[in-house]
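To start, the structure itself, in structure tokens.
The values are calculated or read from the model by the stated rules, or taken from the named source; none is laboratory data. Computed from a predicted structure; not experimentally measured. We place every Cβ from the backbone using ideal geometry, glycine too, and count neighbours over all the protein chains shown. Each accessible area value is taken on the protein alone, full model and side chains, heavy atoms only, with ligands, DNA and RNA left out. Shrake-Rupley method; radii C 1.70, N 1.55, O 1.52, S 1.80 Å.
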Amino acid sequence: MMTDPTVPEYKIRIENFSIRYSDGVESLRGISLDLYACQINVLFGPAGGGKSTLLRALNRLNDLVDVEEQSGRVLLDGVDISAAGVDVVALRRRVGMVFARPVPLPMTIRQNLFYGPQLAGMRAASSLERLLEQSLRQAALWDEVKDRLDEPAVALSGGQQQRLCLARTLMLEPEVILLDEPTSGLDPISTAKVESSLQELKGRYTIAVIPHSVQQAARVADWAAFFLQGELIEHGPGTALFTNPQDERTEDYVTGRFG
Amino acid sequence: MLRLWWPNWALYRCNNRDTGIVEREPIKRTWQEFLIERIIRATGVSAIAIVGLIILFLLREAVPALMQVTPADLLADRWYPVEGYYGLAPLILGTLLVTVGAAVIALPAGLATAIFIAEIVPRWARDLLKPFVEVLAGIPSVVLGFIGMLALAPLVRRFAGAPTGLTALTGSLLLALMALPTIVSVAEDAIDAVPVSYRNAALALGATRWQTIWRVVVPAARTGILTGMMLGVGRAIGETMAVMMVTGNAARIVTGPADLFLPVRTMTATIAAEMGEVAQGSTHYHLLFVIGFVLFLISFIVNLAASAVVFRETRRSERVMS
Ligand SMILES: Nc1ncnc2c1ncn2[C@@H]1O[C@H](COP(=O)(O)OP(=O)(O)OP(=O)(O)O)[C@@H](O)[C@H]1O
Ligand SMILES: [Mg+2]
């Protein structure tokens, strides 16, 4: 694999990963997948395919829910993060996450942004402020909120809230950013803003995103992975996968014959 | 009152679009809705009316005392009505001491218990603990008073080194115990209703479980938590029986927190103990109504303050939502 010059360096390697929830359903079956650094990695497929489950395994948010059985490994920079005894808090600072519905915490915009770094022990006001401006600019939100940082975050529009959540994640300067249908509730203009932020961010971060439509998947994917009922059907470069899928089921889904 | 029962013609509609002829024929469900609306309105109006009548009654019985006793005498520090000492200060301070003591104990303990039940214990344990706590709210206060006299008072005497176990502290502890179930139950519901997405968001930012609870979940649930606290403290202010049984009932002037270890007498206990023996129509009799009115004012103010806080919170979030 290392010999193939077109395959970039991987940041996360998922090896033979399976998860079963306590209701007995196997939500992921034997997934092996690489997520590449400095690329937009897209996970897509019909509802219930296990995309969110996989994403939540990457920052151990699955710890909170009733996972009955889990096997396989998830390597971040070669270290297994799915094992017991991993420092979950430190991991979540390296692997940030943006959710489908924006979740502004019940505080001001500034407090929302400072929350993560302050938890991590960062106190110096000057570096917090510098980070705040940088993160808001990266999330394409700076111009809209720079004069109202001390208003409650819920006062922002839905699209602004979502970009605030992105900025809040960026405040921790993570290595990986996970986004679970980040634009599902947004209008086309906000969606375009978030997508273009992602294009800029991928230079520095590893991005894994679950798009909310096939069209969006095709638009943003550098690499795409198609999931169907807990299995990884196909994984490849975005252009190739969407124009010339190898698997019939991928083709059916991409061309809109089902899903 | 007739207006209250008059059909509201706006609820009727023109049912012939083609001819435009207005036939005032009621829509099928309208009569039911009409009735229900009126019943709800009448209930609301009578609730307000009853409160108004209570105030009027209290005032009518209290005012004669104010004619007979000067304000200076009312604020004096000796309550001994048989000898003509009508100072209410010891009773008011006694109530404040016992209630504030109860609040200081019950508010943190209640919040901690609510967090424990909602966030820490597994789901099945919550389903067991919650009804258990709520049953505590139903124990008659006389029974709790008994427990206070027999179990709590000796403990207080031993640990505080006081000459008697029947002290303000004993009353505070017992009232705290009575306020707890309400506080826990309401606050737990509020905490439990905080969307899981808040928790996920905080955790994904690298918050620990404890940081998530303290900085995100509790602030998000603060309206409900405050409501629970208000209801709990409200119960403590008005409680009579248990307090009468364990506070020793000495109408002494309270000078400071050290008096926690001495007997006191509350306003509620005074009314309950003396109302049965007082000569109807006497100054003493009317004074008991003055005490009742003061008690009413205090709990009214507590409720008003608390709901002002809650109301401001909701108003702000509503404005922000739109
Ligand atoms: N907390 C949970 N407890 C039990 N089962 C769950 C839980 N979360 C997800 N599942 C199950 O796991 C399967 C995969 O769910 P997941 O949310 O990962 O799918 P998804 O691909 O993200 O779907 P969608 O596109 O609808 O978001 C589903 O069958 C779902 O019912
Ligand atoms: Mg999902």
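Please go through the stretch A:147-170 and pick out each residue that is within 8 Å of chain B (Cβ to nearest Cβ) and more than 18 Å from A:CYS38 (Cα to Cα). Break it down into steps so the answer makes sense when it comes.
Residues of the stretch A:147-170 within 8 Å of chain B (Cβ to nearest Cβ): A:152, A:154-155, A:165, A:168-169.
Selection gives A:PRO152, A:VAL154, A:ALA155, A:CYS165, A:ARG168.
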Hey, among the residues in the stretch A:57-66 that are touching a residue at least 40 places away in the same chain (Cβ under 8 Å) and open to solvent by 40 Å² or more (accessible area, probe 1.4 Å), which one's farthest from ligand 2 (Cβ to nearest atom)?
-> A:ASP66
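Matching residues to (1) touching a residue at least 12 places away in the same chain (Cβ under 8 Å); (2) open to solvent by 10 Å² or more (accessible area, probe 1.4 Å); (3) within 17 Å of the chain's Cα centre (by Cα):
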site	(1), (2), (3)
B:LEU169	yes, yes, no
B:LEU175	yes, no, yes
B:VAL196	no, yes, no
B:ASN200	no, yes, no
Please find, within the stretch B:226-235, the residue that is farthest from the other protein chains (Cβ to nearest Cβ) out of those that are more than 27 Å from A:PHE114 (Cα to Cα) and surrounded by fewer than 19 Cβ atoms within 10 Å (Cβ to Cβ).
-> B:GLY234
For B:GLU134, are the conditions met, namely being at pLDDT below 90 and exposed (fewer than 12 other Cβ atoms within 10 Å of the Cβ)?
-> no
Quick one: would you say A:LEU76 is within 14 Å of chain B (Cβ to nearest Cβ) and open to solvent by less than 20 Å² (accessible area, probe 1.4 Å)?
-> no
For B:THR223, state whether it is within 20 Å of B:LEU180 (Cα to Cα) and within 14 Å of another protein chain (Cβ to nearest Cβ).
-> yes
Scope the stretch A:49-71; condition away from every other protein chain (no Cβ under 14 Å) and closer than 14 Å to A:ILE12 by Cα; matching residues | A:LEU54
Being more than 21 Å from B:VAL196 (Cα to Cα), modelled with pLDDT under 90, away from ligand 1 (no atom under 13 Å from the Cβ) and open to solvent by 10 Å² or more (accessible area, probe 1.4 Å), is that true of even one residue in the stretch A:88-101?
-> no
Give the stretch A:19-55 a look and list any residue that's within 12 Å of ligand 2 (Cβ to nearest atom) and open to solvent by 60 Å² or more (accessible area, probe 1.4 Å), or say none.
-> A:ALA47, A:GLY48
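Which residues, counting only those in the stretch B:207-216, are among the β-branched types (Val, Ile, Thr) and facing another protein chain (nearest Cβ under 10 Å)? Before you say what the answer is, go through the steps one by one.
Filtering the stretch B:207-216 down to residues among the β-branched types (Val, Ile, Thr) leaves B:208, B:212-213, B:216.
B:THR208, B:THR212, B:VAL216 - these are the residues of the stretch B:207-216 that are among the β-branched types (Val, Ile, Thr) and facing another protein chain (nearest Cβ under 10 Å).
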Within the stretch A:1-119, strands (runs of 3 or more DSSP E) holding 1 or more residues that are more than 25 Å from B:LEU205 (Cβ to Cβ) | A:10-21, A:26-36, A:40-44, A:67-76
